[in-house]
Amino acid sequence: MYETNDSELVGKIVEIRKKSLNKLRRDFRERPVKYWLEKDRLLNNTGTSLVVILATRGCNWALSNGGGCSMCGYIYDAPITIPDSSSLIKQFDSAYEASISVKAPLAIKIFTSGSFFDEREIPKAARESILKKINMDKRIEEVIVETRPEYVNHEILRECREILGEIYFEVALGLETSNDNIRNLYINKGFELKDFERVVSMAKNTGVGVKSYVLIKPPFLREGEAIIDSTSSAIDSSKIGVNSVSFNPCTVHKGTLVEHLWKLGKYRPPWLWSIIEILKRTSEKINNRIRIICSLAGMGSKKGPHNCGKCDKKIRELLNEFTLTQNPEVLSNVECNCKQEWLDYCEKEFI
């Protein structure tokens, strides 16, 4: 690991963030940022997910003097005009229409650039209206929302649980790593492991599931260190009591500290071989006790997780197959000459 000055890192994140916000924020009016349908792994079977990214005011942590997370550029999807409840409901409704012809089982994933439970982003009226509409659809088996831990309390979990009835409800949190130093010194996440554990405990008491996002290769970590950290973080998440772990390999977002480092040649997104190694090690330790997911965002591009280019497409397909089947054996169905290059890179561990 590399040593870094916490105040200097936050100052650099804030500086980059302010410049980028002035350039990139747009007005989405009553349209979501994006939505799509995808074949997906539900908790106990395969099905279809409707993924909806609502245009909200944006993550309060990213907008604060804390600066936000060092790798995250989702704040730039936030519109200049802050949407009200009516606008947010219309955004969801327009995306929901795309799922009308989809057969059960169906999952709904509602994302923002911040927290579904932050009422500055999603007012209570909008939250309740969206969840009530979901509850009326008998095809839907699960609902997943994202939030930071400071917005989670017993009351809000009970309210959502009561509205959704028998639908499985899962709250996803960006733990990123179970190592407090890495999370706050390198990622600048702004909370500690004990805050995550508090949410898991509350969720269990209210019949709500929890998903842990684990970031593969935060800035300032070497490749080999990243493999060890992501694996241990997933195993720790399982021990704490989560229902799902989603591995998110780091990609280079515009207007972030990670992009700044990448341009200086001081950051390389993770190798695909590293992701395979992490999934194998984690699967062996967890042994199907929880759902394991791997995000494919940016995979195969220079700014995303990649190998040599020759094997990237094949590995992407295998990672998707692993998520759908939860079978780690599929990850052994690929070989490429660049695997030795990856091994050499891990041994040198220079960035």
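Among residues of the range 262-287 being of a type in the set (A, V, I, L, M, F, W, C) and outside any helix (DSSP H, G or I), the one that is surrounded by the most Cβ atoms within 10 Å (Cβ to Cβ) is Trp271.
Residue count for the range 164-184 satisfying the condition of being closer than 21 Å to Val14 by Cβ and either surrounded by fewer than 22 Cβ atoms within 10 Å (Cβ to Cβ) or not aliphatic (A, V, I, L, M) (or both): 5. Here the range 43-59 is the region considered, the condition is being of a type in the set (Gly, Ala, Ser) and part of a loop (DSSP other than H, G, I, E, B), and the residue that is nearest to Asn320 (Cα to Cα) is Ala55. There is no residue in the range 60-77 that is assigned to a loop (DSSP other than H, G, I, E, B), surrounded by fewer than 21 Cβ atoms within 10 Å (Cβ to Cβ) and either among the β-branched types (Val, Ile, Thr) or in contact with a Lys or Arg (Cβ under 8 Å, 6 or more places away or on another chain) (or both). Within the range 231-257, residues that are within 25 Å of Asp40 (Cα to Cα) reach partners that are basic (Lys, Arg) and in a strand (DSSP E or B) with beta carbons closer than 8 Å, at six or more positions or on different chains, in the pairs Val242/Lys211; Asn243/Lys211; Asn243/Arg291; Ser244/Lys211; Ser244/Arg291; Val245/Lys211; Val245/Arg291; Ser246/Lys211. Could you check, for the range 122-133, whether at least one of its residues is among the hydroxyl-bearing types (Ser, Thr, Tyr), within 19 Å of Val33 (Cα to Cα) and outside any loop (DSSP other than H, G, I, E, B)? No; the residues of the range 122-133 include none that is among the hydroxyl-bearing types (Ser, Thr, Tyr), within 19 Å of Val33 (Cα to Cα) and outside any loop (DSSP other than H, G, I, E, B). Exactly one residue out of Leu54, Leu50, Leu42 is out of contact with any helix residue (DSSP H, G or I) (no Cβ under 9 Å at 6 or more places or on another chain) and at pLDDT 95 or above, and it is Leu42.
Which residues, taken from the range 89-145, are at pLDDT 95 or above and among the hydroxyl-bearing types (Ser, Thr, Tyr)? Of everything in the range 89-145, those that are at pLDDT 95 or above and among the hydroxyl-bearing types (Ser, Thr, Tyr) turn out to be Ser94, Tyr96, Ser99, Ser101, Ser115, Ser129. Given the condition assigned to a loop (DSSP other than H, G, I, E, B), over 30 Å from Ile13 (Cβ atoms) and among the β-branched types (Val, Ile, Thr), answer yes or no: does some residue in the range 78-96 qualify? Looking through the range 78-96, none of the residues is assigned to a loop (DSSP other than H, G, I, E, B), over 30 Å from Ile13 (Cβ atoms) and among the β-branched types (Val, Ile, Thr).
The values are calculated or read from the model by the stated rules, or taken from the named source; none is laboratory data. Just so we're clear, the structure is a prediction, and the values are computed from it rather than from any experiment. Positions of Cβ are backbone-derived with ideal geometry, glycine not excepted, and every protein chain shown enters the neighbour counts.
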